[in-house]
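The values are calculated or read from the model by the stated rules, or taken from the named source; none is laboratory data. Fair warning: this is a prediction, and the values are worked out from it, not measured in the lab. All Cβ positions, glycine included, derive from the backbone under ideal geometry; neighbour counts span all protein chains shown.
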Amino acid sequence: MTEHLVSSDPAGPQRVVMITSSYPRFPGDTVGTFLEPIAHGVAALGHEVHVVLPWHPLLARPRREGNVHFHPFRYAPLARLNVFGYAGALEADVRLRSTALAVAPLALVAACIAVRRVARAIDATVLHAHWVIPFGVVGAAIAGRRPLVISLHGSDIFIAERHVVIGMAARRAFRRAGWVTACSDDLRRRAVVLGAPADRCETLPYGVDAGRFRPDPTARARRREQVGVGAEQPLLFTAGRLVRKKGFEYLIDAMPAIVSRWPDARLVIGGGGDLDDELRARARAGGVAERVVFAGVLTQDEVSEFLAAADVAVVPSVRDDSGNVDGLPNVVMEALASGTALVATTAGGIGAVARNGENALLVAERDPAALASAISALLDNADLRARVGDTARREVTERHSWAHVARRFEHAYRQAAHPGRPPGEVEGTHR
């Protein structure tokens, strides 16, 4: 899955316990996709990685994949109550589900027991908790003298900002952490306000698999045929959970203007979620229901093929009315790697990797007219599409491989083991 890498850790192989509330439940699953290459990337550096994660009815992972070991824990007596993690705890990503709140104490206790058991069994040298809420708190509770790294991904900070008690728990976890990573500058700044130590908190954007996400003429032809789009018809694509912060309603509202210029244009939206019915109704109300295809939840391979098939990829992310925003949507990096011209907003961490007029066209949030204008500019100009897409793929390949991200996490482990020393003074540090 991951190329063999050479570790730069002078301390030798680490025994890492990764604690996470999400992970692809089966090969190709689109839930927590970035966790898999992080775990396998660290393992490819020669470290032993043990992933502790909640049990889920769809979880179909072997006990071991190479040097990555899986330790699912059960916490609820009934299968239907297993709603903790895997993007199931938030309703439309704006409020905690009552069921998730009800089982949270059980899940946290079970997680503490599981992490302590695994850490002792392997004599762990570092704990790596993904999302400060909930499992950064778990890591802080049982780390003991072991170094603790906490990685932030977005929804955890959002929840901590809006609930006093949860915010207090996050601050305590931050105080215990030896190092904190955030996938965007926006997320890092918000974490520091919450109590993350500024001198031990860094921005570490996600990587992307440029071998999976790439131009593919065969996939392009197959997927366009699947949705009834000819070789010369405009095809737009976006993907993500159907929740407020993805901003899909604004893209749907942009479609009438696009269709007025390209009557045979089609938009494919990949993903599922709480807003499915509402977004379909919005397409009907706008008179573009026949031009918008809701493809449902797609596997990673299907997302890669639709990106290869599209003329323009669109990521209309927003900071929603409740204040929630993605750290860095996976589909941004995937679109850049695919060489498909991208139109996006600058919400969250998108602006850190996408630059207007160079590797993408960027527009304001919540602005259907701006989305339609940028998409139209790309559809009008094949040379511009090619230039933007080629630049994006070249830069992603050079700067944002998962191998590079794995080495950054290895650096984070070293920093966590020496929390009082500046980054440049830790042996083997590199950027």
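Determine if the stretch 355-376 includes at least one residue that is touching a Cys at 6+ places or on another chain (Cβ under 8 Å) and buried (at least 24 other Cβ atoms within 10 Å of the Cβ). Scanning the stretch 355-376, I find no residue that is touching a Cys at 6+ places or on another chain (Cβ under 8 Å) and buried (at least 24 other Cβ atoms within 10 Å of the Cβ), so the answer is no.
Report yes if some residue within the stretch 273-286 is closer than 20 Å to Ala372 by Cα, in a helix (DSSP H, G or I) and in contact (Cβ under 8 Å) with a residue 60 or more places away in the chain; otherwise report no. Checked the stretch 273-286: no residue is closer than 20 Å to Ala372 by Cα, in a helix (DSSP H, G or I) and in contact (Cβ under 8 Å) with a residue 60 or more places away in the chain.
Contact map, the stretch 259-272: residues that are part of a helix (DSSP H, G or I) paired with residues that are modelled with pLDDT of 95 or more and not charged (D, E, K, R), Cβ distance under 7 Å, separation 6+ or inter-chain. Pairs shown: Val259/Ala265; Val259/Val288; Arg261/Ser376.
Just one of the listed residues (Tyr206, Tyr250) is more than 22 Å from Val138 (Cα to Cα), among the aromatic types (Phe, Trp, Tyr) and part of a loop (DSSP other than H, G, I, E, B), namely Tyr206.
Tell me, yes or no, whether the stretch 321-331 has at least one residue that is within 15 Å of the chain's Cα centre (by Cα) and at pLDDT 95 or above. Yes: the stretch 321-331 contains one or more residues that are within 15 Å of the chain's Cα centre (by Cα) and at pLDDT 95 or above.
So, Gly66, is that one over 20 Å from the mean Cα position of the chain (by Cα), in contact (Cβ under 8 Å) with a residue 12 or more places away in the chain and at positive phi or not? Yes: the conditions hold for Gly66.
Does Thr238 qualify as being surrounded by fewer than 20 Cβ atoms within 10 Å (Cβ to Cβ) and of a type in the set (Val, Ile, Thr)? Spelling it out, it is not the case that Thr238 is surrounded by fewer than 20 Cβ atoms within 10 Å (Cβ to Cβ) and of a type in the set (Val, Ile, Thr). Selection of first residues in the stretch 214-243 that are assigned by TED's automatic domain parsing to the domain that holds Asp320 and of second residues that are surrounded by fewer than 18 Cβ atoms within 10 Å (Cβ to Cβ) and part of a helix (DSSP H, G or I), restricted to Cβ pairs under 6 Å at least 6 apart or on distinct chains, gives the following pairs, ordered by first then second residue: Leu242/Asp276. Only one entry of Ala392, Ala354, Ala369 meets the criterion of being in contact with a helix residue (DSSP H, G or I) (Cβ under 8 Å, 6 or more places away or on another chain), in a loop (DSSP other than H, G, I, E, B) and outside the structural domain of Glu202 (by TED's automatic domain parsing), and that entry is Ala354.
A single entry from Phe294, Phe306 fulfils the requirement of being in contact with a Gly (Cβ under 8 Å, 6 or more places away or on another chain), under 28 Å from Pro27 (Cβ atoms) and modelled with pLDDT of 95 or more: Phe306. Only one entry in Arg120, Arg146 is touching a strand residue (DSSP E or B) at 6+ places or on another chain (Cβ under 6 Å) and free of Cβ contacts under 8 Å to residues at least 40 places away in the same chain, namely Arg146. Yes or no: the stretch 8-26 includes at least one residue that is touching a helix residue (DSSP H, G or I) at 6+ places or on another chain (Cβ under 9 Å), hydroxyl-bearing (Ser, Thr, Tyr), surrounded by fewer than 19 Cβ atoms within 10 Å (Cβ to Cβ) and touching a residue at least 40 places away in the same chain (Cβ under 8 Å). Taking every residue of the stretch 8-26 in turn, at least one turns out to be touching a helix residue (DSSP H, G or I) at 6+ places or on another chain (Cβ under 9 Å), hydroxyl-bearing (Ser, Thr, Tyr), surrounded by fewer than 19 Cβ atoms within 10 Å (Cβ to Cβ) and touching a residue at least 40 places away in the same chain (Cβ under 8 Å).
When residues of the stretch 209-247 are filtered for being part of a loop (DSSP other than H, G, I, E, B) and among the polar types (S, T, N, Q), how many remain? Summing the residues that are part of a loop (DSSP other than H, G, I, E, B) and among the polar types (S, T, N, Q) in the stretch 209-247 gives 1.
Based on this model, can you work out whether Arg162 counts as of a type in the set (Lys, Arg) and modelled with pLDDT of 95 or more?
no
Tell me, please, whether a residue that is on the phi > 0 side of the Ramachandran plot, in the same structural domain as Pro419 (by TED's automatic domain parsing) and assigned to a loop (DSSP other than H, G, I, E, B) can be found in the stretch 180-197. Yes: the stretch 180-197 contains one or more residues that are on the phi > 0 side of the Ramachandran plot, in the same structural domain as Pro419 (by TED's automatic domain parsing) and assigned to a loop (DSSP other than H, G, I, E, B). Checking each residue in the stretch 27-68 for being under 21 Å from Leu106 (Cβ atoms) and either in contact with a helix residue (DSSP H, G or I) (Cβ under 8 Å, 6 or more places away or on another chain) or buried (at least 24 other Cβ atoms within 10 Å of the Cβ) (or both) picks out Val51, Val52, Leu53, Pro54, Pro57.
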